[in-house]
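Here is the structure we will look at, set down as structure tokens.
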Amino acid sequence: MAEQLIITGTSKEDKYKELLPQLEALVSSESDLIANLANISAALHESMKFFWVGFYLVKGDELVLGPFQGPIACTRIRMGKGVCGTVWQEKKVLIVPDVNEFPGHIACSTGSKSEIVLPAFKNNEVVMVLDVDSDQLNDFDKVDEQYLGQLMQIIERSL
Ligand code: SME
């Protein structure tokens, strides 16, 4: 596998378009889930310059912190709690333009201002969520939802 990402685009959409095939190649050449989630976190952090990006994995009745890049974060989230726990419960993507306006938002870092969280499914059950945080308000939109959604499908196919 390539050991280096090649991203030449400058717009968010162009970067995602270049990044996704490279992530797909990365995932298809490695069978270990944690290794893949670790590389995906690093790739997203490096190429998209996200403030925090990482995975929470469903373990029993909690989400537990998995591979991530960025400041240290809360390790356990209950179903229905915060943005991540709400995505797990409602089984759908959430875009939060201003985390201070989201009731029950879990502030792992005061630097985080907006957030997108996407679920990944196995047998129709959520098995993990991808959480991406920005230090800017209103930083996520349908473009992020579309391309990060495609990334979740790549991950799901590897499960
Ligand atoms: N803000 C998230 C918690 C995880 S951190 O942002 C890394 C939430 O409300 O679920």
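FYI, it's all coordinate maths here, none of it is from the lab. None of these values were measured; they are calculated from a predicted model. We place every Cβ from the backbone using ideal geometry, glycine too, and count neighbours over all the protein chains shown.
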Between ARG78 and GLU3, Cβ-based FRET efficiency (R0 41 Å, step 0.05) works out to 0.60
Paired Rg and Dmax values of the chain, which use every Cα atom, in angstrom
14.6, 43
For the stretch 66-123, what does the alpha-carbon gyration tensor say about shape, rounded, prolate or oblate, given a ≥ b ≥ c as the root eigenvalues, a/c under 1.5 as rounded, and a/b over b/c as prolate?
oblate
What is the sum of charges, Lys and Arg at +1 and Asp and Glu at -1, for the other residues whose Cβ falls under 12 Å from the Cβ of ASP139?
-3
For a test of the definition: using alpha carbon positions, the gyration tensor, and the 1.5 limit on a/c, classify the stretch 113-159 as rounded, prolate or oblate.
prolate
Between LYS59 and LYS91, Cβ-based FRET efficiency (R0 22 Å, step 0.05) works out to 0.80
Cα-based reach from LYS12 at 26 Å (exclusive), listing lysines while leaving out same-chain residues under 8 positions away
LYS49, LYS91, LYS92, LYS113, LYS142
Residue-wise HN-Hα coupling along the stretch 77-83, computed from phi with Karplus coefficients 6.51, -1.76, 1.60 (Hz; x: Gly, Pro)
9, 7, 4, x, 9, x, 5
Step through the residues of the stretch 59-64 one at a time and calculate ³J(HN,Hα) from phi using the Karplus curve (6.51 cos²θ - 1.76 cosθ + 1.60, θ = phi - 60°), rounding each to whole Hz and writing x for Gly and Pro.
9, x, 9, 9, 8, 10
Multiply the residue gap between ASN123 and THR10 by 0.36 nm, knock off their C-alpha separation, and tell me the result in nm, one decimal place.
37.0 nm
Mind checking the full-extension length gain between PHE102 and ALA25? Use 0.36 nm per residue of separation minus the Cα-Cα distance, one decimal, nm.
24.1 nm
Scoring only Lys, Arg, Asp and Glu (+1, +1, -1, -1) among other residues with Cβ under 9 Å from the Cβ of MET79 yields 0
